[in-house]
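To start, the structure itself, in structure tokens.
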Amino acid sequence: MLVHSRKARWALWAVFLVLFLPLFALPLLVVLGASFATHWSGVLPSGPTTANYHAATRGEALQALTTSLVTAVTASLLALTVGTWAALAGAALKKRYRRLLDAVFVLPVAVPSVVVGLSVLVAFSQPPLLLNGTRWIVISAHTVLVTAFAHQSVSAALARLDPAYEQAAASLGARPAYVLLRVRLPLLLPSLTAAAGLCFALSMGELSATMMLYPPDWTPLPVLIYAATDRGALFTGSAVAVVLMAATLLVLFAVSRIRTRASYR
């Protein structure tokens, strides 16, 4: 740590715990406790049961989890492709044009996500590109919302990239495409995996824009959680929320393993 005094370290840990427990840990523990309860009339939940997880891992909930995973993976891959391409193209632009490009990609996260959902709904509800009522309008909205994070992550990595590697490869006769595929992208792999994980996590939890767009046969898990809690099924909704968190964390753990291996290459 940067703080060398023992008392100062203990003070920092105390402040961290005071801020972390009520703001982050306790809400998650409450949801976890509610997922194993049938009612909650006192300080602690009562009526311990696993029936909520039976409902959260079968039928409609399982289909919604699959929908969320497919949507998040597809949107993350599309966002990573578009964001990386734009970052690589923007690196060759002049500073003012690069700022303009950054502003274009940041705009969807600078406005409320419900505005993005409405924009996508209006844009793709008429020919020639009619996506309204299909799964692709949901995937498109998620892609628009998370592409900014992929673009910013890759742009920051490009700014820190040592050009000596590319110059050495070019001086040995490597063509630009070869330098890109065998030198530049491998060096960017840790940032690419980090961006993919962030995009996936954000897509898995997206609700506002999704509520405006999803068709009946493509219901992501956050929508199902909202519907369950809205009709009063708080304990079942809590179990579904725990399943959503667990699935997201498992994928992020796998991505972090890939990122760690890429960092040691």
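Values quoted throughout were computed directly from the atomic coordinates according to the rules given, and no laboratory measurement underlies them. None of the values given here were measured: they were computed from a predicted structure. Note that each Cβ is placed from the backbone with ideal geometry, even for glycine, and that neighbours are counted across all protein chains shown.
Going by a ≥ b ≥ c, the root eigenvalues of the Cα gyration tensor, does segment 172-265 fall in the rounded group (a/c under 1.5), the prolate group (a/b larger than b/c) or the oblate group?
Prolate, because a/c is 1.5 or more and a/b exceeds b/c.
So what are the ³J(HN,Hα) numbers for segment 101-110, from phi and the Karplus equation (6.51, -1.76, 1.60; θ = phi - 60°), rounded to whole Hz, Gly and Pro as x?
5, 4, 5, 5, 6, 7, 3, x, 8, 8
Which of Val104, Val111 has the fewest other C-beta atoms within 10 Å, and how do the rest follow up to the most?
Listed from fewest to most nearby Cβ atoms, that is Val111, Val104.
Between the alpha-carbon centers of segment 63-97 and segment 129-206, tell me the distance in whole angstrom.
6
Would you kindly derive the ³J(HN,Hα) couplings of segment 58-70 from the backbone phi angles with the Karplus curve 6.51 cos²θ - 1.76 cosθ + 1.60 (θ = phi - 60°), listing them in order in whole Hz, with x for Gly and Pro?
9, x, 4, 5, 5, 5, 5, 5, 4, 4, 5, 5, 5
Explain nothing, just compute: Karplus ³J(HN,Hα) = 6.51 cos²θ - 1.76 cosθ + 1.60, θ = phi - 60°, for every residue of segment 206-222 in order, whole Hz, x for Gly and Pro.
Those phi angles translate into 5, 10, 4, 5, 5, 4, 7, 10, 5, x, x, 8, 9, 9, x, 5, x Hz.
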